[in-house]
1. In the stretch 141-153, is there at least one residue being surrounded by fewer than 22 Cβ atoms within 10 Å (Cβ to Cβ), away from the ligand (no atom under 16 Å from the Cβ) and modelled with pLDDT of 95 or more?
2. Which count do you get for residues in the stretch 158-197 that are within 10 Å of the ligand (Cβ to nearest atom) and either among the charged types (D, E, K, R) or not in a loop (DSSP other than H, G, I, E, B) (or both)?
3. Give me the residue from the stretch 30-78 that is more than 16 Å from the ligand (Cβ to nearest atom) and basic (Lys, Arg) and, out of that set, surrounded by the fewest Cβ atoms within 10 Å (Cβ to Cβ).
4. For the stretch 233-246, what are the residues that are aliphatic (A, V, I, L, M) and either within 16 Å of the ligand (Cβ to nearest atom) or closer than 13 Å to Ile130 by Cβ (or both)?
5. How many residues, within the stretch 243-281, are crowded, with 22+ Cβ neighbours inside 10 Å and polar (S, T, N, Q)?
6. So, in the stretch 169-198, how many residues would count as being surrounded by fewer than 18 Cβ atoms within 10 Å (Cβ to Cβ) and over 15 Å from the mean Cα position of the chain (by Cα)?
7. Are any residues in the stretch 199-232 assigned to a helix (DSSP H, G or I) and within 16 Å of the ligand (Cβ to nearest atom), and if so, which ones?
8. Considering only the stretch 21-29, I want to know if a residue exists there that is open to solvent by less than 40 Å² (accessible area, probe 1.4 Å), on the phi > 0 side of the Ramachandran plot and within 16 Å of the ligand (Cβ to nearest atom).
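The values are calculated or read from the model by the stated rules, or taken from the named source; none is laboratory data. Since the model is a prediction, treat every value here as computed from it, not as a measurement. All Cβ positions, glycine included, derive from the backbone under ideal geometry; neighbour counts span all protein chains shown. We work out accessible area using only protein heavy atoms, side chains counted, and drop any ligands, DNA or RNA first. Shrake-Rupley method; radii C 1.70, N 1.55, O 1.52, S 1.80 Å.
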Amino acid sequence: MKLLLRNDELIDRSEAAISYLDRGYMFGDGVYEMIRVYGGVLFEPEAHYRRLERSLREVRLEPPYPTEQLDAQLKRLIREEGLNKDGTIYMQITRGAAPRNHAFPAKAQPELIAYVSELERPYESMKQGIAVHTCPDIRWLRCDIKTLNLLPNVLAKQEALDMGVQDVIFHREGMVTESSSSNVFVVRDGTLYTHQANNLILHGITRMVVLQLARELNIPCVEEAVNLEHLREADEVFISSTSAEITPVVRVDGAAFGRGVPGPITRRLQEAFQRRIDALQ
Ligand code: PDD
């Protein structure tokens, strides 16, 4: 892994130099995407491109070039890196470098970078499940934009690790929103609940796939927030994201669900997700 896509050029990572005045660095003024790669093939790229276009629009940033060109560049990056295993592509676009001033600069060139990483699938946690703790969601009111401003997420994740659990489940005044870098699903009496896709959560691509799979499997789905009490009394809980896929949650705030192992609906969804991955090859 040695290449970096910088705007429309593939360069050696060691030659990458970004200005200290870049607004991504100064203000977190930019957006990002992370796309899964399975066996060298992009997973749901169109959905990621649509979300990227939306994030850019919401922060009033012009895409550096059309989506078809971006798609071609990302595929070229995978090819030139020789990535034929499981991994990810990380990509971010900032408003570029300009003298520090909160207002948009009159002249700044957006800065796009993208790189690939090898990343094994989280086999162990998908099988065993993870423990989480709940904490207040102190983020802003536009969590639907995938911006670079992740400090509350970073602090929450670290607090979880310091407490000896793997992640957090955020709540706003007792209503469950999402996790530090994934969406949250709750199963109660055979029905799947997840927060509605509004301004309070990121509209996860894995979340979208899980909802499609649940419909195909005739599992009733409700896009509605659950409260903390319902979370604690749930039959099953899992998180979903590009890197975590469908990871069961087996303990919340120290208490186990059922027998403390992944539940049957979670397992059915994991199997259906696996079939989606198998169909890529
Ligand atoms: N995280 N919610 C938040 C706050 C996230 O940061 C993410 C993604 C998700 C799940 O979205 P998706 O299914 O599209 O990955 C939900 C990425 C992977 C990250 O920041 O690393």
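1. no
2. Final tally of qualifying residues: 6.
3. Among those residues, the one meeting the criterion is Arg60.
4. Here is the first cut: in the stretch 233-246, the residues aliphatic (A, V, I, L, M) are 234, 237, 239, 244, 246.
Matches in the stretch 233-246: Val237, Ile239, Ala244, Ile246.
5. Selection size over the stretch 243-281: 2.
6. 10
7. Result: Ile205, Thr206, Arg207, Met208, Val209, Val210, Leu211, Gln212, Leu213, Ala214.
8. First, the residues of the stretch 21-29 that are open to solvent by less than 40 Å² (accessible area, probe 1.4 Å): 22-24, 28-29.
Okay, now just the ones that are also on the phi > 0 side of the Ramachandran plot, so 28.
Of the ones still in play, those that are also within 16 Å of the ligand (Cβ to nearest atom) are 28.
Checked against the condition, which is being open to solvent by less than 40 Å² (accessible area, probe 1.4 Å), on the phi > 0 side of the Ramachandran plot and within 16 Å of the ligand (Cβ to nearest atom), the stretch 21-29 yields at least one hit.
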